[in-house]
Each structure stands twice: as C-alpha cells, then as structure tokens.
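Visitor: Here it is, the structure in full.
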Amino acid sequence: YGDGFIVMSGSLGCGCLRLEVTKSLKVREERGAKLVRTVAYSYNVSLSQTGCVLRYCSPHADHNQHHHKHTFDVLAGDRQGSVSSVPDGEWPTIGEVLAEAKAWQNDNYDALCNLGLISDTDWPPASV
C-alpha cells in the first residue's frame, strides 16, 4: 500500500452468481497500533451470462452522494435498476452481501433452472 491506503479487489463465485469486490482502506496509526477503516467500496453481484443483480456502493463525489444500493430485476432483462439509500453505519459486510446473494439465488431457483444456469445436481449451493 502507499500513502496510507490499501486497495483490495477480487471476485468470488457463489453458484451461478459472482461477487466482485473493490475496497479502499485508510491506514492510520494510533498509540503504536495500525488501524484500518473502509473509505470506499463496491460490492457487485452479477448473474452469469445475464447481468447485474445488485450492487452496494459508497458515496460518489458527483452523484448518489450517500451509501446506496442498486437493485436490478435481472431475470426480466432490467439493465437500469433502481437505487435506494443505505443509512450510514448500515452498509453491509462482504459476508452479508454473500448471504443476500445466496438468498436471491434460492428465491429464484426455478427461473435459474429454466435458464440452465443451475441444475438439481449442483443444488443446494455450498453454505456461505
């Protein structure tokens, strides 16, 4: 890291879903201990070969200047989505986003089977 920041990015598969994560962390020293705090993040859950399911984002300088969540009706071809505010202090952890992705996959099991994105042989997905 440099200039007191750490940037993390990566992706994780969860059944037919993929979680892409980008986080910027600010490092500071207090009483001889290094402390880190998230200063920017994006957690994007997408459905393979189809599109975005949901995305959580930290505030942007030029629009959506608050913590927010983009939600898409991906199974109906929605590419615009809707945006809702996430109260300060209530934005999710990576684990909570994975749990939400798994719940979405469970809720949409029949539609995902019909699209050939999952089958009975790979269901249920591994626990999060």
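The values are calculated or read from the model by the stated rules, or taken from the named source; none is laboratory data. Since the model is a prediction, treat every value here as computed from it, not as a measurement. All Cβ positions, glycine included, derive from the backbone under ideal geometry; neighbour counts span all protein chains shown. The area values use the complete protein model at the heavy-atom level, side chains included, leaving out ligands, DNA and RNA. Shrake-Rupley method; radii C 1.70, N 1.55, O 1.52, S 1.80 Å.
Visitor: How large is the charge dipole for segment 1-114, taken about the Cα centre, if only the Cβ atoms of Lys, Arg (+1) and Asp, Glu (-1) carry charge, to the nearest 20 debye? Walk me through the numbers before you get to the answer.
Guide: Numbers: 11 positive and 13 negative charges, 82 e Å.
Value, rounded to 20: 400 debye.
Visitor: Just K26, K102, K34 to compare: in a GNM of the chain, with alpha carbon springs under 10 Å, which one fluctuates most?
Guide: K34
Visitor: Describe numerically, in nm with one decimal, the distance between label points set 7 Å from Cα along Cα→Cβ at A76 and at E29.
Guide: So the two model labels end up 5.5 nm from each other.
Visitor: Identify which of G89, G77, G15 has the largest mean-square fluctuation in a Gaussian network model of the chain, with springs joining Cα atoms closer than 10 Å.
Guide: Taking springs between Cα atoms under 10 Å, the residue moving most is G89.
Visitor: Let me ask you something else. How large are Rg and Dmax for the chain when calculated on the C-alpha trace, in angstrom?
Guide: 16.8, 57
Visitor: What is the helix-to-structure angle for 94-107, meaning the angle in degrees between its Cα long axis and the longest Cα principal axis of the chain, kept from 0 to 90 and rounded to the nearest 10?
Guide: 10 degrees
Visitor: Order the following by accessible area, largest value first: C14, C113. Probe radius 1.4 Å; ligands, DNA and RNA are ignored. Let's see the in-between values first.
Guide: Details: C14 15, C113 40 Å².
My answer, sorted largest first, is C113, C14.
Visitor: Which length gain, in nm to one decimal place, applies between E90 and V39 when the Cα-Cα distance is subtracted from 0.36 nm times their residue separation? Could the numbers behind the result be given before it?
Guide: On the way: separation 51, 0.36 × 51 = 18.36 nm, distance 1.42 nm.
Difference between extended and current length: 16.9 nm.
Visitor: Which value, in Å² rounded to 10, gives the accessible area of S9 with a 1.4 Å probe and all protein chains present?
Guide: Its accessible surface works out to 100 Å², give or take rounding.
Visitor: Counting other C-beta atoms within 10 Å, and keeping those with at most 11, which DSSP coil GluC sites (Glu not before Pro) do you find in segment 1-101?
Guide: On the way: sites: E20, E29, E30, E90, E96, E100; in loops: E90.
Passing both the DSSP loop test and the Cβ count: E90.
Visitor: With the full set of protein chains in place, find how many percent of the accessible area of the chain is carbon and sulfur; take the probe as 1.4 Å. All intermediate terms of the calculation are to be shown ahead of the outcome.
Guide: Numbers: 3790 of 7800 Å².
Carbon and sulfur: 49 percent of the exposed surface of the chain.
Visitor: Chymotrypsin sites (Phe, Trp or Tyr not before Pro) within segment 1-85: which are DSSP loop residues with at most 12 other Cβ atoms inside 10 Å? Let's see the in-between values first.
Guide: Working: sites: Y1, F5, Y41, Y43, Y56, F72; in loops: Y1, F72.
For chymotrypsin sites (Phe, Trp or Tyr not before Pro) across segment 1-85 that sit outside H, G, I, E and B with at most 12 neighbouring Cβ atoms in 10 Å, the list reads Y1.
Visitor: In the Gaussian network model of the chain, springs joining C-alpha atoms below 10 Å, which of N44, N64, N114 carries the largest mean-square fluctuation?
Guide: With Cα springs under 10 Å in the chain, the top fluctuation among N44, N64, N114 is at N114.
Visitor: For the chain, what is the calculated [θ] at 222 nm in deg cm²/dmol (nearest 500), taking -39500 (n - 2.57) for each run of four or more DSSP H residues and dividing by its residue count?
Guide: So the helix-based figure for the chain works out to -4500 deg cm²/dmol.
Visitor: Quick one: if you take sqrt(5λ) for each eigenvalue of the C-alpha gyration tensor of segment 35-98, what semi-axes come out, biggest first, whole angstrom?
Guide: On the way: eigenvalues 100, 40, 18 Å².
Result for segment 35-98: semi-axes of 22, 14, 9 Å.
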